[in-house]
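Handing you a structure now.
The values are calculated or read from the model by the stated rules, or taken from the named source; none is laboratory data. Since this is a predicted model, take the numbers as computed values, not measurements. FYI the Cβ positions are ideal-geometry reconstructions off the backbone, even for glycines, and counts take in every protein chain you see. For accessibility, only protein heavy atoms count, side chains too; no ligands or nucleic acids. Shrake-Rupley method; radii C 1.70, N 1.55, O 1.52, S 1.80 Å.
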Amino acid sequence: MTTVLRNARVGGGDVIDVRVENGAITQIGAGLERSAEEVELDGRILLPGMWDNHVHFTQWAMVQQRVDLSGARSAAETAALVASALPQRAGVPLTGFGFRDGLWPDAPTRTMLDDAAGRHPVVLVSADLHTVWLNSAALERYGHADHPTGLLQEEAAFEVTRRIGTVPEATLDAWVATAGEHAARRGVVGVVDLEMRWNLDPWVRRTANGFESLRVEFGIYTRDLERAIGMGLRTGMAINDLVTVGGYKVLTDGSLNTRTAFCHDEYPGLEGQANSRGLLEVPPERLVPLMRRASEAGLVPDVHAIGDRANTLALDAFEALGIGGRIEHAQLLDESDVGRFAELGVVASVQPEHAMDDRDVADRYWAGKTARSFALKTLLDAGAELALGSDAPVAPLDPWVTLAAAVDRSRDGRPPWHPEQAISVEAALAASTRTRVQVGQPADLIVVERDPFHCTSDELRSMPVAATMLGGRFTHRTL
């Protein structure tokens, strides 16, 4: 199939034509020879397709089916949402998603949910995925009957989340297909899927059964590391036209909202308590051997680190092994560690919208340190490579939301938060794309209705996408 895109404004520059053949860009210029398929762009902006470099795709597909708790401002308000949703969930556990308790005036307890739902099992997943809140019936169902509060964190929370995610394959795959189509409508051509499960078989099955909206790089976790090595999987290995092996993902600490991100200093209000600096889930004596094992097998380490102490230890591990890789989140950094990303060849995989979600929580729990949190500009100026993503479902799988947060640091009419850490549209696009509009490049392209180089933050967030092309075929088109 040959397609000519007529009168495209590439990156906001001159109006030209672009010829696409066999999945690649073969010719760029004015007045190109006619083709069997012609698409008139009328001066619309043509850009490389967007990648979301950190998603939990199955969770993103699932949360669309769960009770939305994102608007709750207290534990009591959340329990009320559960009570009102209960009649629609007869016969199945009630699951909800999106609560953020870091600034709540009241503490969530199992008895609150018992009062709201009685013996109906209730599992509520926090917006950052690091906490689940259960009532007594759910605690018994998932093996935590004696837990005093019903608030499980980190690995215990992840295990419950995995178990409530057990739905029939056909149902789940249908949800995933819908989520993929929605992503394509927003200009996404690829995702790095860091779902906390064995990801190879589901993605092979989905693509074999017709999923064709996105390219997918899937991560591998410690529980499956030996399995992956035994199969000879290596980062960058193509499984099929759409599915590729990603990196080896290891979580070393928790999150800011749960106050489990591992920090140099104690959290305000937690002084002298156990884990007052957060939780170090994988200490160096375990982290370094795991990273070495993965790296020697050809799997690039991809380390979750949010607190400044966790980031120091992760960078120490990369330095000890003499290898590069990625750090996911890098939300709070010691000033002495910023330059080490470029020096060690470690990519900072960051999620700008988290800064908008967490600004008030950061101001409370990282008081006096927020100038070095979500420090995108500081990292760029130090020569680090950025990879932007959403961490969906923690933030929406929408690259324009991500882009707006990176370049403006504001939302909902509030003043920009640490505007000195904003980056340019050019830098944000570079960190969100993997190709260029050049001859020989894959035809992973998008057509947008506005010039992103001359947009307000709100205009970026609501960017109309007229078309998305993946490997030379349209996955979304309104033209």
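I'd like to know if the range 255-265 contains one or more residues that are touching a residue at least 40 places away in the same chain (Cβ under 8 Å), part of a strand (DSSP E or B), open to solvent by less than 30 Å² (accessible area, probe 1.4 Å) and over 18 Å from G325 (Cβ atoms).
No, because not a single residue in the range 255-265 is touching a residue at least 40 places away in the same chain (Cβ under 8 Å), part of a strand (DSSP E or B), open to solvent by less than 30 Å² (accessible area, probe 1.4 Å) and over 18 Å from G325 (Cβ atoms).
When residues of the range 418-448 are filtered for being open to solvent by 50 Å² or more (accessible area, probe 1.4 Å), in contact (Cβ under 8 Å) with a residue 60 or more places away in the chain and not small (G, A, S), how many remain?
The initial filter retains those residues of the range 418-448 that are open to solvent by 50 Å² or more (accessible area, probe 1.4 Å), namely 419-420, 424, 426, 430, 434, 436, 438-440, 442.
Checking which are in contact (Cβ under 8 Å) with a residue 60 or more places away in the chain leaves us with 434, 436, 438-440, 442.
In the following step, the residues that additionally are not small (G, A, S) were identified as 434, 436, 438-439, 442.
Going through the range 418-448 one residue at a time, the tally reaches 5.
Output the number of the condition that E195 fails; it satisfies all remaining conditions of (1) of a type outside the set (K, R); (2) more than 30 Å from R259 (Cβ to Cβ); (3) not in a helix (DSSP H, G or I).
(2)
Next question, about the same structure. For the range 156-164, check the following and say yes or no: at least one residue is aromatic (F, W, Y) and over 30 Å from F211 (Cβ atoms). Break it down stepwise before answering.
Step one: filter the range 156-164 for residues aromatic (F, W, Y), giving 158.
With the extra rule that they be over 30 Å from F211 (Cβ atoms), the set shrinks to none.
No, the range 156-164 has no match at all.
Another question about this same structure. Could you say which residue among A405, A395, A367 is over 13 Å from R461 (Cβ atoms) and out of contact with any Gly (no Cβ under 8 Å at 6 or more places or on another chain)? Don't jump to the end; show me each part of the working.
Working: A405 fails: over 13 Å from R461 (Cβ atoms); A395 fails: over 13 Å from R461 (Cβ atoms).
Exactly one of A405, A395, A367 is over 13 Å from R461 (Cβ atoms) and out of contact with any Gly (no Cβ under 8 Å at 6 or more places or on another chain), namely A367.
Another question, if that's okay. Of the residues in the range 163-186, how many are open to solvent by 20 Å² or more (accessible area, probe 1.4 Å) and hydrophobic (A, V, I, L, M, F, W, C)?
Number of matching residues: 6.
Right, here's the next one. Go through A72, A107 for me and flag whichever is exposed (fewer than 13 other Cβ atoms within 10 Å of the Cβ), on the phi < 0 side of the Ramachandran plot, touching a residue at least 12 places away in the same chain (Cβ under 8 Å) and not polar (S, T, N, Q).
Values: A72 fails: exposed (fewer than 13 other Cβ atoms within 10 Å of the Cβ).
The conditions single out A107.
Being open to solvent by less than 10 Å² (accessible area, probe 1.4 Å), in a loop (DSSP other than H, G, I, E, B) and either out of contact with any Phe, Trp or Tyr (no Cβ under 8 Å at 6 or more places or on another chain) or within 18 Å of R89 (Cα to Cα) (or both) is the filter here, so list the residues in the range 131-162 that pass it.
N135 - this is the single residue of the range 131-162 that is open to solvent by less than 10 Å² (accessible area, probe 1.4 Å), in a loop (DSSP other than H, G, I, E, B) and either out of contact with any Phe, Trp or Tyr (no Cβ under 8 Å at 6 or more places or on another chain) or within 18 Å of R89 (Cα to Cα) (or both).
Suppose we filter R223, R286, R277, R234 for residues that are in contact with a Phe, Trp or Tyr (Cβ under 7 Å, 6 or more places away or on another chain), at pLDDT 95 or above and either open to solvent by 60 Å² or more (accessible area, probe 1.4 Å) or in a loop (DSSP other than H, G, I, E, B) (or both); which single one remains?
The unique qualifying residue is R277.
I'd like to know if the range 52-60 contains one or more residues that are of a type outside the set (S, T, N, Q) and either without any contact (Cβ under 8 Å) to a residue 40 or more places away in the chain or open to solvent by 30 Å² or more (accessible area, probe 1.4 Å) (or both).
Within the range 52-60, the first condition is being of a type outside the set (S, T, N, Q), and the residues that meet it are 52, 54-57, 60.
Of the ones still in play, those that are also either without any contact (Cβ under 8 Å) to a residue 40 or more places away in the chain or open to solvent by 30 Å² or more (accessible area, probe 1.4 Å) (or both) are 60.
Yes, the conditions are met somewhere in the range 52-60.
Please go through the range 288-307 and give me each residue that is in contact with a strand residue (DSSP E or B) (Cβ under 8 Å, 6 or more places away or on another chain), farther than 15 Å from V245 by Cα and hydrophobic (A, V, I, L, M, F, W, C), ordered by number.
L290, M291, V303, A305, I306
Here are S390, S410: which of them is open to solvent by 10 Å² or more (accessible area, probe 1.4 Å) and either of a type outside the set (V, I, T) or part of a helix (DSSP H, G or I) (or both)?
On the way: S390 fails: open to solvent by 10 Å² or more (accessible area, probe 1.4 Å).
The unique qualifying residue is S410.
Does at least one position in the range 35-52 carry a residue that is modelled with pLDDT of 95 or more, on the phi < 0 side of the Ramachandran plot and among the polar types (S, T, N, Q)?
No, because not a single residue in the range 35-52 is modelled with pLDDT of 95 or more, on the phi < 0 side of the Ramachandran plot and among the polar types (S, T, N, Q).
In the range 65-118, what residues are of a type in the set (S, T, N, Q) and assigned to a loop (DSSP other than H, G, I, E, B)?
At the first step, the residues of the range 65-118 found to be of a type in the set (S, T, N, Q) are 65, 70, 74, 78, 84, 88, 95, 109, 111.
Once the filter is applied, which keeps residues that are of a type in the set (S, T, N, Q) and assigned to a loop (DSSP other than H, G, I, E, B), the range 65-118 yields Q65, S70, S74, T109.
Answer with yes or no whether R100 is open to solvent by 30 Å² or more (accessible area, probe 1.4 Å), within 20 Å of the chain's Cα centre (by Cα) and over 25 Å from W198 (Cα atoms).
Values: open to solvent by 30 Å² or more (accessible area, probe 1.4 Å): yes; within 20 Å of the chain's Cα centre (by Cα): yes; over 25 Å from W198 (Cα atoms): yes.
Taking the combined requirement at face value, the residue satisfies it.
Is it the case that some residue within the range 187-198 is out of contact with any helix residue (DSSP H, G or I) (no Cβ under 8 Å at 6 or more places or on another chain), open to solvent by 10 Å² or more (accessible area, probe 1.4 Å) and not hydrophobic (A, V, I, L, M, F, W, C)?
Among the residues of the range 187-198, not one is out of contact with any helix residue (DSSP H, G or I) (no Cβ under 8 Å at 6 or more places or on another chain), open to solvent by 10 Å² or more (accessible area, probe 1.4 Å) and not hydrophobic (A, V, I, L, M, F, W, C), which makes the answer no.
Return the residue satisfying two criteria in turn: it lies in the range 296-355 and is among the basic types (K, R) and part of a helix (DSSP H, G or I), and of such residues it is most open to solvent (accessible area, probe 1.4 Å).
Selected residue: R309.
The rows are residues; the columns are (1) out of contact with any Cys (no Cβ under 6 Å at 6 or more places or on another chain); (2) open to solvent by less than 40 Å² (accessible area, probe 1.4 Å); (3) under 26 Å from A355 (Cα atoms).
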| position | (1), (2), (3) |
| --- | --- |
| M1 | yes, no, no |
| T26 | yes, no, no |
| V39 | yes, yes, no |
| I45 | yes, yes, no |
| M50 | yes, yes, yes |
| T78 | yes, yes, yes |
| R89 | yes, no, no |
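In the set A137, A157, A117, which member is touching a residue at least 24 places away in the same chain (Cβ under 8 Å), among the aliphatic types (A, V, I, L, M) and farther than 18 Å from N257 by Cβ? Spell out the reasoning first.
Values: A137 fails: touching a residue at least 24 places away in the same chain (Cβ under 8 Å); A157 fails: farther than 18 Å from N257 by Cβ.
Sole residue among the options that is touching a residue at least 24 places away in the same chain (Cβ under 8 Å), among the aliphatic types (A, V, I, L, M) and farther than 18 Å from N257 by Cβ: A117.
Here is a list of conditions, (1) under 22 Å from the mean Cα position of the chain (by Cα); (2) surrounded by fewer than 14 Cβ atoms within 10 Å (Cβ to Cβ); (3) farther than 25 Å from G29 by Cα, and M463 meets all of them except one; can you say which number that is?
(2)
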